[in-house]
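K.L.:
Right, I'll just put the structure down here and ask away after.
The values are calculated or read from the model by the stated rules, or taken from the named source; none is laboratory data. Quick caveat: nothing in here was measured; it's all calculated off a predicted structure. Using ideal geometry, Cβ is built from the backbone for each residue, glycine included, and neighbour counts are taken over all protein chains shown. Note: accessible area is taken over every heavy atom of the protein model, side chains too, but ligands, DNA and RNA are not part of it. Shrake-Rupley method; radii C 1.70, N 1.55, O 1.52, S 1.80 Å.
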Amino acid sequence: MALEGLYKKIEAPFPLSEVLLSKADDEQLKLIAAESGTGLSLDEMKMLVAYFKDLGRDPTEVELQAIGQAWSEHCCYKSSKQILREFVFGIDSPRVIDRGDAGVMHFDTENVYSLRIESHNHPSAVEPYGGAATGIGGIVRDVLCMGCQPVALIDPLFFGRLDTPNAELPKGTKHPTYLFGGVVSGIRDYGNRIGVPTISGSVVFDDSYTGNCLVNVGCIGIARKEHLYKNRVGGIGDNLVLVGGRTGRDGIHGVTFASAVLTGESETESRGAVQLGDPITKEPVIHSVLEVGRRKLITGMKDLGGGGLSCVCGELAFAAGFGVEVQLDRVPLKEDGLLPWEIWVSESQERMMLAVTDENLEEVLHIFKFNDVEANVVGRVIPEPLARVFFKGIKVLEMDLKFLTGGPEYCRPREIRKPEYGTPEKAPARDVSHTDALLELLASENICSRDWVIHQYDHEVRGCTVLKPLQGALGHACHGDASVLKPVEESWQGLAVCTATNPWVMAIDPYRGGKAVIDEMCRNLVAVGARPDAFSNCLNFGNPEKPERLGEFHEAVRGMGEAAAKLDIPTPSGNVSFYNESETGSVMPTAVVLGTGIIPDVRKSITTDLKSDGVIYLVGRTGPEMGGSAYHRLTGASSPKVPDTDLEVLRDAMKALLIAMDEGLVSSCHDISDGGLAVAIAEMCIGGRKGAELDLESLGPLPEEAALFSESCSRWLVEVPRDSAERFEAILGPAATLIGAALGDELLITRGEEILVSASLTELENAWRGTLWRLMGGSE
């Protein structure tokens with residue numbers, strides 16, 4: 001009854017109403033925003049009142065819904081844009097070709113590659129299979145609409161502990177095992193069916209993700225430079241051609257659902273916001289779009305993602321300074337009876353919008369018909385910067401595109417929490433030997449073998465994967481630091497791809513955590529012999545309307561931006577995902593990066609597994625920086641002192657290591673991250689089926705647990721043939737410390753005469769392998 005009289009029926013051959021915002025008080029404005037599903041704030045509703053007052057009318061329900069999509073946090077970055085502009089947007093490079101729906105980077109004289117990572121968190125929490133599958137579908141379209149052939153996928157994933165008791169689950173929350181299994185299945189089925197390999201990723205388990213899992217997905221594409229396209233129309237009179245899947249009621253209010261906190265009712269209230277993927281339709285869409293692009297038959301294109309038609313039409317036209325007229329009754333539907341606002345905001349999948357001149361229209365329609373893909377002209381570019389939308393001859397929307405697509409921009413209050421480095425450290429809650437600690441770390445959820453996930457994905461389809469996610473002896477392969485593609489048939493140049501994240505460090509010190517993420521990305525790429533070239537970021541944080549959450553975001557982005565600028569690594573694309581909270585609280589601040597690097601010759605790629613009886617060097621310096629470490633989580637200890645990155649030291653070490661690798665002086669290399677040096681050397685032993693003996697006395701007066709398990713940044717373990725050791729030391733200088741050799745069939749780590757760790761290869765591998773299979777109720 002509170003809204004009685006605020007909806008006025010418009011005379012039309014279908015249900016259509018005018019929303020009388022001008023007659024509503026503040027409480028009614030808030031109620032209209034809530035009941036319409038637009039999620040607009042009171043201030044934003046008042047902006048609408050003022051805009052339409054100047055026009056002398058009130059909005060239609062279609063116009064209200066359009067604003068709700070375009071002004072959502074997911075679409076317009078209203079809480080993050082100012083911070084991103086301050087720290088990240090200014091990092092540029094002549095290697096950057098374009099910053100559209102995906103970033104585009106120079107690869108060689110004739111080719112470019114594209115990259116992007118984004119989130120599909122809330123949909124996956126409600127429907128894990130469909131949410132993850134449509135996440136893959138969306139990220140593939142982002143790369144495709146730049147004119148690039150998708151060639152690789154990545155999937156950093158974050159869940160609650162797999163052994164979480166059911167009684168501890170928040171209301172309406174699905175168990176992590178169900179979410180994990182559904183998400184991996186969705187990524188597997190979609191990626192495998194469209195023939196794109198999944199070559200990199202990560203899986204993180206922590207209680208903070210129990211109520212709000214994170215599903216991040218990324219894609220890499222490749223194209224010849226002349227086949228690139230912009231995400232804008234070519235000019236006045238261009239036809240807007242909608243191609244691919246039909247439009248239905250799935251995915252309605254997807255972006256507004258993603259811009260709100262999860263609740264115990266999200267499962268029932270927001271299931272309709274989850275899209276339905278169809279990889280069988282997507283595969284011919286990819287081929288058809290690439291064909292019309294290669295034939296120069298289109299002037300621009302963009303995918304239909306968040307907000308559906310309501311966002312893509314205006315963005316395509318306004319990016320070129322024009323406007324658009326759209327005929328909604330020309331949109332092919334999955335079912336009869338959709339209202340015009342539902343057609344306008346639906347996020348049904350597998351759809352692309354192409355800008356085509358009259359001259360090329362017939363040929364474009366023929367190509368899609370030949371490939372059995374629907375293609376329909378639904379609009380036309382007009383000179384005025386307006387969006388006009390018609391349904392059955394009735395105008396249902398007319399709005400200024402600058403107002404519609406611009407959205408508000410906020411400088412919200414933020415609380416910058418200073419790390420308490422003077423706080424005393426908390427001692428371990430239990431006493432465990434170093435050998436037992438290593439074996440327990442290898443068996444832990446966050447370090448154990450990911451083969452349960454990796455073996456479900458096709459990482460070799462397309463035939464250009466040179467280094468795979470698992471590296472080493474057949475049947476014993478261990479985790480690699482990055483995968484390597486040979487994307488161009490005529491060239492030996494390769495593209496390395498990795499992911500990096502460290503939410504535990506970021507939770508203690510977001511600024512150092514931001515630098516640490518870029519450091520880890522660089523370590524992973526250099527470990528395989530690649531020069532870091534670019535990264536795409538996915539920033540997963542809590543509610544930005546809470547000052548402490550936005551403070552975490554500010555400091556994390558500051559750290560990432562500082563590191564990227566110092567190292568000359570641009571970020572041509574990215575994604576911000578806020579409101580990752582449930583009724584139990586926020587997720588840890590989780591910045592994820594998709595990193596790419598250039599390898600001049602893939603035949604010189606380096607893997608992590610020990611190869612011969614070479615000597616082993618530690619590159620980098622180890623400090624007693626145990627805060628956020630896997631060892632502290634294992635033993636119940638804590639410390640405010642997290643690893644810091646000396647960016648000049650990192651830059652110099654990367655340069656020297658790449659020189660040594662190019663000269664063929666390195667047999668194997670592994671970055672030191674989760675679990676520290678002890679876990680890194682154990683993984684090298686497992687993958688190579690070879691033992692090692694290390695003496696850590698040369699590391700100085702460090703506590704034993706720090707020498708073994710510290711996660712100090714900018715460090716690698718490097719195996720070097722004995723006859724190359726002198727040259728390696730000459731190149732690396734004091735950055736390299738000789739600590740041992742690869743030999744025997746066990747791992748022995750000493751400090752002078754004292755034995756710190758002693759374990760056989762069988763013990764190491766048995767501990768490392770099988771945890772996920774056991775927790776997921778299967779067997780290897």
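K.L.:
When you look at E663, is it open to solvent by 30 Å² or more (accessible area, probe 1.4 Å) and touching a Gly at 6+ places or on another chain (Cβ under 8 Å), yes or no?
P.N.:
It is false that E663 is open to solvent by 30 Å² or more (accessible area, probe 1.4 Å) and touching a Gly at 6+ places or on another chain (Cβ under 8 Å).
K.L.:
Which one of these is over 33 Å from the mean Cα position of the chain (by Cα) and farther than 19 Å from G68 by Cα: A429, A319?
P.N.:
None of the other options fit; the residue is A429.
K.L.:
While we're on this one: Please specify each residue of segment 404-419 satisfying the condition of being loosely packed, with under 11 Cβ neighbours inside 10 Å and closer than 18 Å to Y511 by Cβ.
P.N.:
Answer for segment 404-419, where residues must be loosely packed, with under 11 Cβ neighbours inside 10 Å and closer than 18 Å to Y511 by Cβ: just K418.
K.L.:
Same structure, new question: Taking segment 433-459 as the search range and keeping residues that are among the β-branched types (V, I, T) and out of contact with any Asp or Glu (no Cβ under 7 Å at 6 or more places or on another chain), which one is surrounded by the fewest Cβ atoms within 10 Å (Cβ to Cβ)?
P.N.:
T435
K.L.:
Sort out which residues of segment 86-110 are open to solvent by 10 Å² or more (accessible area, probe 1.4 Å), within 23 Å of K302 (Cβ to Cβ) and not in a loop (DSSP other than H, G, I, E, B), and write them in order of number.
P.N.:
Hits for segment 86-110 are V96, I97, D98, R99, H106.
K.L.:
Given the conditions (1) open to solvent by less than 50 Å² (accessible area, probe 1.4 Å); (2) closer than 30 Å to D303 by Cβ; (3) more than 38 Å from the chain's Cα centre (by Cα), and given that G68 satisfies all but one, which numbered condition is not satisfied?
P.N.:
For G68, the failing item is (3).
K.L.:
Starting from segment 217-238, keep only residues that are in a loop (DSSP other than H, G, I, E, B), then list their pairs with residues that are surrounded by fewer than 21 Cβ atoms within 10 Å (Cβ to Cβ) and of a type in the set (D, E, K, R) whose Cβ atoms are within a distance under 8 Å, requiring at least 6 positions of separation or different chains.
P.N.:
From residues that are in a loop (DSSP other than H, G, I, E, B), the pairs are L228/D98; K230/D98; G237/D358; G237/R380; D238/R380.
K.L.:
Is it true that some residue in segment 544-561 is surrounded by 24 or more Cβ atoms within 10 Å (Cβ to Cβ), among the acidic types (D, E) and at pLDDT 95 or above?
P.N.:
Yes, because at least one residue in segment 544-561 is surrounded by 24 or more Cβ atoms within 10 Å (Cβ to Cβ), among the acidic types (D, E) and at pLDDT 95 or above.
K.L.:
For segment 478-494, name all the residues that are open to solvent by 20 Å² or more (accessible area, probe 1.4 Å) and not in a strand (DSSP E or B). Walk me through how you get there before you give the answer.
P.N.:
Taking segment 478-494 and keeping what is open to solvent by 20 Å² or more (accessible area, probe 1.4 Å), we get 479-480, 486-487, 489-493.
Passing the criteria: G480, K486, P487, E489, E490, S491, W492, Q493.
K.L.:
Sticking with this one: Does V466 satisfy the condition of being among the aliphatic types (A, V, I, L, M), more than 25 Å from R651 (Cα to Cα), part of a loop (DSSP other than H, G, I, E, B) and outside the structural domain of M776 (by TED's automatic domain parsing)?
P.N.:
No: the conditions fail for V466.
K.L.:
What are the residues in segment 123-176 that are without any contact (Cβ under 8 Å) to a residue 60 or more places away in the chain, acidic (D, E) and outside any helix (DSSP H, G or I), if any?
P.N.:
Once the filter is applied, which keeps residues that are without any contact (Cβ under 8 Å) to a residue 60 or more places away in the chain, acidic (D, E) and outside any helix (DSSP H, G or I), segment 123-176 yields nothing.
K.L.:
Within segment 596-604, is there a residue that is buried (at least 22 other Cβ atoms within 10 Å of the Cβ) and assigned to a loop (DSSP other than H, G, I, E, B)?
P.N.:
Scanning segment 596-604 turns up no residue that is buried (at least 22 other Cβ atoms within 10 Å of the Cβ) and assigned to a loop (DSSP other than H, G, I, E, B).
K.L.:
Being in contact with a helix residue (DSSP H, G or I) (Cβ under 6 Å, 6 or more places away or on another chain) and not in a helix (DSSP H, G or I) is the filter; apply it to segment 46-70 and report the residue that is nearest to E398 (Cα to Cα).
P.N.:
Filtering first and then ranking leaves P59.
K.L.:
I'd like to check something: does segment 283-301 contain any residue that is open to solvent by 40 Å² or more (accessible area, probe 1.4 Å), farther than 19 Å from H74 by Cα and at pLDDT below 95?
P.N.:
yes
K.L.:
Please indicate, with yes or no, whether at least one residue in segment 257-277 is of a type in the set (V, I, T), at pLDDT 55 or above and over 20 Å from G305 (Cβ atoms).
P.N.:
yes
K.L.:
Can you tell me how many residues within segment 23-53 are open to solvent by less than 10 Å² (accessible area, probe 1.4 Å) and closer than 21 Å to T405 by Cβ? Outline the logic, then answer.
P.N.:
First, the residues of segment 23-53 that are open to solvent by less than 10 Å² (accessible area, probe 1.4 Å): 29, 32-33, 38, 44-45, 48, 52.
Subset that is closer than 21 Å to T405 by Cβ: 33, 38, 44-45, 48, 52.
Summing the residues that are open to solvent by less than 10 Å² (accessible area, probe 1.4 Å) and closer than 21 Å to T405 by Cβ in segment 23-53 gives 6.
K.L.:
Residue check: is A12 open to solvent by 10 Å² or more (accessible area, probe 1.4 Å), within 22 Å of G308 (Cβ to Cβ) and hydrophobic (A, V, I, L, M, F, W, C)?
P.N.:
Considered against the rule, which asks whether it is open to solvent by 10 Å² or more (accessible area, probe 1.4 Å), within 22 Å of G308 (Cβ to Cβ) and hydrophobic (A, V, I, L, M, F, W, C), A12 comes out as yes.
K.L.:
If you don't mind, another one. If I go through segment 460-472 residue by residue, how many of them are open to solvent by 30 Å² or more (accessible area, probe 1.4 Å) and either small (G, A, S) or on the phi < 0 side of the Ramachandran plot (or both)? Please lay out each step first, then the result.
P.N.:
Step one: of segment 460-472, the residues open to solvent by 30 Å² or more (accessible area, probe 1.4 Å) are 460-463, 466, 468, 470, 472.
Retained after the next criterion (residues that are either small (G, A, S) or on the phi < 0 side of the Ramachandran plot (or both)): 460-461, 463, 466, 468, 470, 472.
The total comes to 7.
K.L.:
If you don't mind, there's one more thing I want to ask. Taking G308 as the residue in question, decide whether it is in contact with a strand residue (DSSP E or B) (Cβ under 7 Å, 6 or more places away or on another chain) and surrounded by 21 or more Cβ atoms within 10 Å (Cβ to Cβ).
P.N.:
no
K.L.:
For the structure I just gave you, tell me whether I343 is surrounded by fewer than 18 Cβ atoms within 10 Å (Cβ to Cβ) and under 30 Å from P13 (Cα atoms).
P.N.:
Judged against the criteria, I343 is not a match.
K.L.:
Continuing with this model, one more query. Among the residues of segment 562-585, how many are open to solvent by 30 Å² or more (accessible area, probe 1.4 Å) and not hydrophobic (A, V, I, L, M, F, W, C)? Steps first, please.
P.N.:
Step one: filter segment 562-585 for residues open to solvent by 30 Å² or more (accessible area, probe 1.4 Å), giving 562, 565-566, 568, 583-584.
Then drop every residue that is not not hydrophobic (A, V, I, L, M, F, W, C), which leaves 562, 566, 568, 583-584.
Adding up the residues that qualify gives 5.
K.L.:
Search segment 479-494 for residues that are within 21 Å of D451 (Cβ to Cβ) and pair each with any residue that is of a type in the set (S, T, Y) and part of a loop (DSSP other than H, G, I, E, B) when their beta-carbon atoms are under 8 Å apart and the residues are at least 6 apart or on different chains.
P.N.:
Between residues of segment 479-494 that are within 21 Å of D451 (Cβ to Cβ) and residues that are of a type in the set (S, T, Y) and part of a loop (DSSP other than H, G, I, E, B), the close pairs are H479/S449; H479/T608; G480/T607; G480/T608; D481/T608; V484/S605.
K.L.:
Okay, next question. Any residue in segment 645-669 that is over 19 Å from G688 (Cβ atoms) sitting within a Cβ distance under 8 Å of a residue that is part of a strand (DSSP E or B) and open to solvent by 80 Å² or more (accessible area, probe 1.4 Å)? List the pairs, counting only those 6 or more apart or interchain.
P.N.:
Matching pairs, first to second residue: M654/R531; L658/R531.
K.L.:
Give S758, S714 a once-over and let me know the one that is surrounded by 23 or more Cβ atoms within 10 Å (Cβ to Cβ) and modelled with pLDDT of 95 or more.
P.N.:
S714
K.L.:
From the list A692, A742, which one is open to solvent by less than 10 Å² (accessible area, probe 1.4 Å), in contact with a helix residue (DSSP H, G or I) (Cβ under 6 Å, 6 or more places away or on another chain) and under 29 Å from L665 (Cβ atoms)? Let's see the steps before the verdict.
P.N.:
Working: A742 fails: in contact with a helix residue (DSSP H, G or I) (Cβ under 6 Å, 6 or more places away or on another chain).
That would be A692, the only listed residue that is open to solvent by less than 10 Å² (accessible area, probe 1.4 Å), in contact with a helix residue (DSSP H, G or I) (Cβ under 6 Å, 6 or more places away or on another chain) and under 29 Å from L665 (Cβ atoms).
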